[in-house]
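Since the structure comes first, as structure tokens, the remarks are kept for the end.
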Amino acid sequence: MNTVSVTNVSLPKRKADAHKGDFGRVLIISGSECYTGAPSFASRGAVKAGAGLVFLGVPRAIYTIEAIKNDEAMVFPLPSDENGRMTSASID
């Protein structure tokens, strides 16, 4: 198995008076009932990568779970069907 080791990676220093809105916005649309891990991992990765504002749209069926799991991303519910999957109504 090949592995890559990254040791000397750094992000540019941020100004002391910077606002989180200065560091980009990420919108993640993800998840379904019984699959709540990927949305959380994706949003945490975006935050760790340096995104200033992370928005996470999930099916209404898992909204409460994701809202509890994510204290940094702004989680919002999207319409879901009886199986906990997003519907085409989510597009609007």
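Taking first residues from the range 64-92 that are at pLDDT below 95 and partners that are assigned to a strand (DSSP E or B) and open to solvent by 80 Å² or more (accessible area, probe 1.4 Å), no Cβ contact under 7 Å between residues at least 6 apart in sequence or on separate chains turns up.
Restricted to the range 55-71, and to residues there that are touching a helix residue (DSSP H, G or I) at 6+ places or on another chain (Cβ under 9 Å) and under 18 Å from S90 (Cα atoms), the residue that is most open to solvent (accessible area, probe 1.4 Å) is F55. With respect to the conditions (1) modelled with pLDDT under 90; (2) touching a strand residue (DSSP E or B) at 6+ places or on another chain (Cβ under 7 Å), G50 lacks only one, and its number is (2). Restricting the first member to the range 35-52 and to residues that are farther than 15 Å from E66 by Cα, and the second to residues that are open to solvent by 40 Å² or more (accessible area, probe 1.4 Å) and in a helix (DSSP H, G or I), the beta-carbon pairs closer than 8 Å and six or more apart or on different chains are G50/F23; A51/F23; G52/K20; G52/D22; G52/F23.
Within the range 47-73, the set of residues being more than 20 Å from E33 (Cα to Cα) and assigned to a strand (DSSP E or B) comprises L53, V54. For the range 18-42, a residue qualifies if it is at pLDDT 90 or above, open to solvent by 100 Å² or more (accessible area, probe 1.4 Å) and either part of a strand (DSSP E or B) or more than 30 Å from R85 (Cα to Cα) (or both), and the qualifying residues are R25, L27.
The values are calculated or read from the model by the stated rules, or taken from the named source; none is laboratory data. In this text the structure is predicted, and so the values were computed from the model without any measurement. Neighbour counts run over all protein chains shown; Cβ positions are idealised from the backbone, glycine included. The area values use the complete protein model at the heavy-atom level, side chains included, leaving out ligands, DNA and RNA. Shrake-Rupley method; radii C 1.70, N 1.55, O 1.52, S 1.80 Å.
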